[in-house]
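Notes to accompany the following structure.
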Amino acid sequence: MWGASFVAVKVGLKYIPPITLVWMRFALGVIVLGAVVGFRRQFAWPKRKDWPYLALLGFLGITFHQWLQSTGLVTSQATTTGWIVSSMPVFIAVLGWLVLKEKIRRIQVLGILMAAFGVLLVVTHGNLNTLISGKFGTAGDILILISAPNWAVFTILSRRGLKIYPAALMMFYVMAFGLLFSSGLFVAGRGWESLHNIGYDGWLAIGFLGIFCSGFAYIFWYDALKVLPVAQVGTFLYIEPVVTVIVSFFLLNEKITLAGMAGGAIILLGVWLVNRVKPA
């Protein structure tokens, strides 16, 4: 779902600005999450002391993260985005070392360096000389790159709450706060004024993003985080760029470049090295 979401965002951005797209997808997502919470009979008000914590998660994982990716996709290709996002497990491993004091072995350090090189290869489109001039990638590529460590921070911070609340209920809280923050930007930008421009394919894209990517996929992510180690859950993100490349090729006619595939392969190899051994 998330692999195809980048393509859906590109379609939606043909008609509406990023913040409008973010607000609409998460308005639908909150409805889906509310229905799931009701079906599971899990609803309960969060403890008052947890409200700031849940609000922080809502800002990082919903409002800020999706603003970065939606705004980034204005100028970044969906395929490039998919490969950059696949570096998220590496950031999770690094934060685990810095914040949780988890040990990293030499082979994992090698993997981190390889994944970083792969990201640079993708962002520079194979022309590493642009690193010297500082003219590499698009502004969107940089925003997408920032979203990777941001998601890692969101994931690690979420573990504490998942020890207290059911996964779907906690995501409902988080997404509700994210929607609240997004609503301020939506109103300030008069986001409703562009809704009449949306075409048939745009509505399909928004529906897919809201129901599946922001509703069910976020629930699945928290369900997995509740029972599996963070690094192990992160490995499933490897599938994202593969799905993005295939869907982008058929729906957006984006070219599959040698630099993109080579950089993507290096990223996947690096991420595999990071997660193939358990921290000592």
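Before moving on, here are some points about what is shown:
- Boolean, Gly118 is buried (at least 18 other Cβ atoms within 10 Å of the Cβ) and either under 12 Å from Ile266 (Cβ atoms) or modelled with pLDDT of 70 or more (or both): yes
- Condition met for Val30 (modelled with pLDDT of 90 or more and either acidic (Asp, Glu) or over 13 Å from the mean Cα position of the chain (by Cα) (or both)): yes
- Residue list for the range 80-96, restricted to those being at pLDDT below 75 and open to solvent by 20 Å² or more (accessible area, probe 1.4 Å): Ala93
- Looking only at the range 156-203, and only at residues there that are in a helix (DSSP H, G or I) and without any contact (Cβ under 8 Å) to a residue 24 or more places away in the chain, the one that is nearest to Gly12 (Cα to Cα): Trp203
- Selection count, the range 24-58, where residues are within 25 Å of Pro149 (Cα to Cα) and of a type in the set (D, E, K, R): 2
- Filtered residue count, the range 208-228, keeping only those that are open to solvent by less than 70 Å² (accessible area, probe 1.4 Å) and over 16 Å from Leu28 (Cα atoms): 6
- Residue within the range 149-162 that is of a type in the set (Gly, Ala, Ser) and surrounded by fewer than 16 Cβ atoms within 10 Å (Cβ to Cβ) present: no
- Criterion applied to Leu204, Leu143 was being within 14 Å of the chain's Cα centre (by Cα) and open to solvent by 20 Å² or more (accessible area, probe 1.4 Å), and the one residue passing it is Leu143.
- Members of the range 1-56 that are within 22 Å of Tyr222 (Cβ to Cβ), open to solvent by less than 60 Å² (accessible area, probe 1.4 Å), not in a helix (DSSP H, G or I) and not polar (S, T, N, Q): Ala44, Pro46
- Each residue in the range 197-214 was checked for being at pLDDT 90 or above and over 18 Å from Val7 (Cβ atoms), and 0 of them qualify.
- Any chance Val274 is closer than 20 Å to Leu110 by Cα and part of a helix (DSSP H, G or I): yes
- Look at the range 249-267: where a residue is over 15 Å from Val9 (Cα atoms) and a partner is of a type in the set (Ser, Thr, Tyr) and not in a helix (DSSP H, G or I), sitting 6+ places away or on another chain with Cβ atoms under 8 Å, you get Ala259/Thr124; Gly264/Ser86; Ile267/Ser86; Ile267/Ser87.
- Between Val187, Val233, the distinction of being open to solvent by less than 10 Å² (accessible area, probe 1.4 Å) and closer than 22 Å to Phe59 by Cβ belongs to Val233 only.
The values are calculated or read from the model by the stated rules, or taken from the named source; none is laboratory data. Predicted model only: the values in this text are computed from it and were never measured. Counting neighbours? That spans all protein chains shown, and the Cβs are built from the backbone with ideal geometry, glycine included. Note: areas computed on protein heavy atoms with side chains; ligands, DNA, RNA excluded. Shrake-Rupley method; radii C 1.70, N 1.55, O 1.52, S 1.80 Å.
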